[in-house]
Amino acid sequence: DKALSSRVTHCDPFYRRGIAEIELGDFAAAVSDLEHVTARDPRYDSHRAMALLAHAYANTGEAQKAEALFEQATRASTLSETYFHYASFLAGVHRPSEAREWAQRILARKETMPRYLQRRERPWFRKARALLRRLPARASG
């Protein structure tokens with residue numbers, strides 16, 4: 001915190017630290033940094049900050065806040081990362097049909113992407129396929 005004192009006027013240091021905290025699994029610390037970022041600029045990094053804050057909320061047990069932010073983020077962003085975190089959240093709150101839909105949206109984009117983007121998005125395609133395998137089979141109706 002000394003390095004990010006009150007003299008810092010832009011969001012990026014807090015944003016990058018929030019990303020690092022998520023990667024380390026320290027979601028509670030990530031919440032405070034990402035709240036700081038989204039309070040100043042809700043659209044920061046093409047709404048990725050908002051989506052990461054929703055992901056952090058989901059992992060700290062704040063489902064209502066997470067869902068509200070995920071809904072905002074998915075309306076504004078088409079990042080596979082955002083879609084995957086939302087699908088994982090939905091699976092975690094026992095909404096498998098919606099989770100399946102969001103995971104399939106990630107995979108549906110693959111066919112229309114140029115190869116270089118497919119390579120960049122490959123980890124998200126793999127994660128989406130793995131999530132689909134973990135979800136219960138569709139109910140026949």
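The values are calculated or read from the model by the stated rules, or taken from the named source; none is laboratory data. Only a predicted model underlies this, so the values are computations on that prediction, with no experimental measurement involved. Note: ideal-geometry Cβ built from the backbone for every residue, glycine included; neighbour counts use all protein chains shown. All accessible areas refer to the heavy atoms of the entire protein, side chains included, with ligands and DNA or RNA removed. Shrake-Rupley method; radii C 1.70, N 1.55, O 1.52, S 1.80 Å.
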**Asked** Do we have residue 71 as more than 13 Å from residue 31 (Cα to Cα) and in contact (Cβ under 8 Å) with a residue 12 or more places away in the chain here?
**Response** no
**Complete:** Filtering helices (runs of 4 or more DSSP H) wholly in the range 24-93 for at least 3 residues that are open to solvent by less than 50 Å² (accessible area, probe 1.4 Å), of a type in the set (A, V, I, L, M) and more than 18 Å from residue 10 (Cα to Cα) gives 48-59, 63-76, 80-92
**Asked** Looking at residue 14, is it among the aromatic types (Phe, Trp, Tyr), part of a helix (DSSP H, G or I), open to solvent by less than 50 Å² (accessible area, probe 1.4 Å) and within 22 Å of residue 123 (Cβ to Cβ)?
**Response** no
**Message:** As an exercise: evaluate residue 123 against (1) modelled with pLDDT of 95 or more; (2) open to solvent by less than 70 Å² (accessible area, probe 1.4 Å); (3) not in a helix (DSSP H, G or I) and give the number of the one condition it does not meet.
**Reply:** (3)
